[in-house]
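Here's the structure, in structure tokens; my notes come after.
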Amino acid sequence: HEVKYPPQHDFEWRRTTRDQHHYGAHPHVSIEDRIFVETVGGDLTIKVEDNTDSGQGIYSEPVDDPDQTLDDAEIAYAVVGHVILLRIRPYKETVDRYIVYNEKLQQARRIDSLRDACILLPDDHGLIFPNGYYLQTGEAKTFDSQFQGLVFERRIASPNGEDTLFVFYQPESGVYVLLGYNVIAQQVETPIICHGFTLFPGGEMLLFKGQDEPQRHHAVQIWQTPYVGPDFVPAQTTDSYLYKIGNRDIVRGMAECHEILTLIDKEDTYSGLYVDLVKEATDVLDSYFWLDHADAANLAEPLGHIRDAAKAAVEEFDKVTRVRAHTDAETKRVSAAVRDLLNQVGRGRFDSIDPFVKSLASLRTLRGEIISLRDLRYVETATVDGLEQEVAEAADRLSHRCVDFLLQPKSLHGYEHKVAAHQGEIPALSKVADARKLDEQIAASAGELEMLIEIVSNLKIDDATQRTTIIDNISAIFSQLNTARAALKRRTQELASQEGSAEFASQLKLLGQSVVNYLDVCDSPEKCEEYLTKLLVQIEELEGKFAEFDEFIIQLAEKREEVASAFESRRMQLVEQRNKRAGALAQAADRILKGGKTRVEALESLSDIHGYFASDLMIEKVRDIIGQLGSLGDSVKVDDIQSRLKTIREDAARQLKDRQDLYEGGENVIRFGKHRFSVNTQPLDLTTVLREDRLHLHLTGTDFYEPIVSDVVDSTRNVWDMEVVSENRDVYRAEYLAYQMYRT
């Protein structure tokens, strides 16, 4: 019968489509937007950034046809955790290339053995293939093997789950390659190569190896393995706590602890290292409850320490990662600048002094940038040393060429013409801005000449007369340049005086308009202070701008005093207005509170009092006055009115409670226990009344009577009973009225 082997790959390859193509200067194929692959430009490149402007990546290898396009290559991929498997066949090539990319480590590795078979390891630990293995942690190992075309036949797992035997077979030669993987150690043992094997229930493995020549004796090897039969019962200690847990859980827990140890031993090779440590330690502590038991060596305690330390390291590691990324970016930028400048210098035509000067200045500036790289943390000093040496050597070569050029009679004619042109421009200058531009040009020429002198002085020239000749020629041009600079300075001062007077007059006029505008919009003392500060800043800026003109400084000082005086007067006026308004508001509130106090004292229930203070229009008016006083900044009056309003409310409630406790049947009777007392609410007043034919002093509303003992009072007895002055016991008031009319 025909033997059928199991699938040789535990995953399915997915071919890329045109939808995954990204075009640009350096096109590539997107693998689920996680990595990007291309075979154009003469090499196969893997990139981690979706950047079609750059052709550089983290991995590259040459291809046979450099002229192929993005559509010509056949690309398939498979994703296993954070490992991406690539199967790539560039254009006009007959063999596929297999590349394994680890997303966490951002590392790629070519493993063509995946062509024959690729099987997943237990618990998603990684991949195994006929001559090696690759783990999710990035650890990989391949074994030297002369056998090709191996196929995967089967896998044999030990009952305890710790070991798995992967059997690969070579049909043409009949060779078996046995790879045993240990889950705890996470590694593959040395391959066993044989021509046949068998396993017994007790775990014994018998195997033999065939020979090319006939032999009388054939050796058979016996190995003791953990691959026992399902019915095999090993000697066990049943009273152990770990026995109750079960071998599979223990093996799985030990394997995950071993993963944590592997992560601890790793260098800081990827950004998520400490995050993975925290996650792995937390998962182990949450998954295996028995780790804190004494029989398990109390593994929970060190795992907790590992988790806490990893948490503390996450933030610091992020900082280090950012610093390293910045350092790498700066190093790449400077390296690219070095390459470009060296290529430019190598291709340049130095037929005048200007190219020499510009190139030497660029080399000097670039060397300064290279030296500054040494101050960056985590920089590769060897790379910096190499860049500095390249630039220094290029500068030395160019300096010698520059000296040779300077020995020519017409080498400095360019500077002579440039200085003469500067001198000719000075009389025609009409603006200070043009004069400053010309001054910058003269300063640049002076800097170039100084650099030439420095170059000549630092070089070893055997003939001293040559050095002297070059320096004398440069000094002569320097003399002409200094003459031009002095003339330019005088011309600049003349132009500045002319332009400064006109500009100062316009600035002073603008300042005066600003003063008027700000005074108009000042409606509070605070705004006076704010706008005064703005104007004083403007005056200070003008003083700095026209510092060279003494007469302008005097005018600005006078203007400062004038502005300060105007705003102080305005501020005092606003303060007086505010105080007057605050006083009027306080008086209005006082009148309202007095009326409100009288009204609230007459209310008969607590709910009426609360309703009065909640909705009465006059009380709302008091609150509005409080708000207006607050906007005026008079916090003292605000606190006083609020306190009085609160006191009136509390006193009214307290007096109402007292009335309800003391009075009975209204306010006419006071109750003290069993006793009742009438209440007279009339105000006390002293008067005289006629009683028992005598005048008495009497307090109204009381029973108090006091006879008046006085001879003077007694002498007026005849008028005591007169109610009006025009009538007595003998004369009627009508008679008296008639008498008065008769007299008139």
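Just so you know, all these numbers are worked out from the coordinates, no wet-lab data involved. Predicted model only: the values in this text are computed from it and were never measured. No Cβ is skipped: glycine too gets one built from the backbone with ideal geometry, and neighbour counts run over all protein chains shown.
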Per residue Cα convex hull volume in Å³ - calculated over the chain | 554 Å³
Among DSSP beta bridges whose residues both lie in the chain, state the antiparallel percentage, nearest 5.
-> 100 percent
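Once you've got the Cα coordinates, tell me which of 47/358; 358/437; 580/646 are over 29 Å apart.
Beyond 29 Å: 47/358.
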Only Lys, Arg (+1) and Asp, Glu (-1) charged, at Cβ; the chain dipole about Cα centre in debye | 1500 debye
So if we plug the beta-carbon distance of residue 578 and residue 653 into 1/(1 + (r/R0)^6) with R0 = 35 Å, what FRET efficiency do we get, rounded to 0.05?
-> 0.45
Assuming a viscosity of 0.890 mPa s and a temperature of 25 °C, what translational diffusion coefficient in µm² per second does Stokes-Einstein assign to the stretch 131-232, Rh being the Kirkwood radius over Cα pairs?
-> 165 µm²/s
Can you give the extra length, in nm with one decimal, that the chain gains between residue 79 and residue 608 once fully stretched, where that is 0.36 nm per residue apart less the Cα-Cα distance?
-> 182.5 nm
Calculated from DSSP helices alone, with each H run of at least 4 adding -39500 (n - 2.57) and the total divided by the residues of the chain, [θ]222 nm to the nearest 500 comes to -17500 deg cm²/dmol
Once Lys and Arg are counted +1 and Asp and Glu -1 for all other residues with Cβ under 14 Å from that of residue 224, the total becomes -3
Backbone HN-Hα couplings from phi across the stretch 678-694 [Karplus 6.51/-1.76/1.60, Hz, Gly and Pro as x] = 6, 10, 9, 9, 5, x, 5, 8, 9, 9, 10, 9, 8, 9, 6, 6, 9
Specify which residue in the list 595, 732, 344 is farthest towards the positive end of the charge dipole of the chain, using unit charges on the beta carbon of Lys, Arg (+1) and Asp, Glu (-1), about the Cα centre.
-> 732
Under 19 Å Cα-Cα from residue 266, which lysines qualify once same-chain neighbours fewer than 8 residues away are excluded?
-> 104, 141, 279, 311, 319
Net charge contributed by nearby residues that have their C-beta within less than 12 Å of residue 282 (K/R +1, D/E -1) | -3
Taking the dipole of the chain about the Cα centre (Lys, Arg +1; Asp, Glu -1; charges at Cβ), the one of 59, 78, 524 that reaches farthest to the positive side is 524
Dividing the alpha-carbon radius of gyration of the stretch 1-110 by 2.2 N^0.38 Å (N being the number of residues), what value is obtained?
-> 1.11
For the stretch 131-232, the dipole about the Cα centre with charges only on Cβ (Lys and Arg +1, Asp and Glu -1), to the nearest 20 debye, works out at 60 debye
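Using a simple charge model, +1 on the beta-carbon of Lys and Arg, -1 on the beta-carbon of Asp and Glu, nothing else, what dipole does the stretch 601-744 show about its Cα centre, in debye to the nearest 20?
Here the size comes out at about 260 debye.
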At each listed q (0.12, 0.13 Å⁻¹), what is the log10 of I(q)/I(0) that the Debye formula gives for the stretch 371-489 modelled as equal alpha-carbon point scatterers?
-> -0.62, -0.68
Phi-based couplings in Hz for the stretch 561-575 (Karplus 6.51, -1.76, 1.60; Gly and Pro marked x) | 5, 5, 5, 4, 5, 4, 6, 5, 4, 5, 5, 5, 4, 5, 5
One point scatterer per Cα, no solvent, Debye formula: log10 I(q)/I(0) for the stretch 242-323 at q = 0.11, 0.21, 0.26 Å⁻¹ comes out as -0.32, -0.92, -1.26
Taking the dipole about the Cα centre of the chain, with the C-beta of Lys and Arg at +1 and of Asp and Glu at -1, give me whichever of 145, 293, 192 is farthest to the positive side.
-> 293
Sequence-distant lysines (8 or more away, or on other chains) whose Cα lies within less than 17 Å of residue 410 = 418
Calculate one ³J(HN,Hα) per residue across the stretch 603-615 by plugging θ = phi - 60° into the Karplus curve 6.51 cos²θ - 1.76 cosθ + 1.60, and present them in order as whole Hz with x for glycine and proline.
-> 6, 9, 9, 5, 5, 5, 5, 5, x, 4, 6, 8, 10
Calculated FRET value between residue 527 and residue 505, using beta carbons and R₀ = 30 Å, to 0.05 | 0.55
Taking every C-alpha to C-alpha distance in the stretch 686-743 and binning by 10 Å from 0, the per-bin percentages run 20, 37, 25, 15, 3
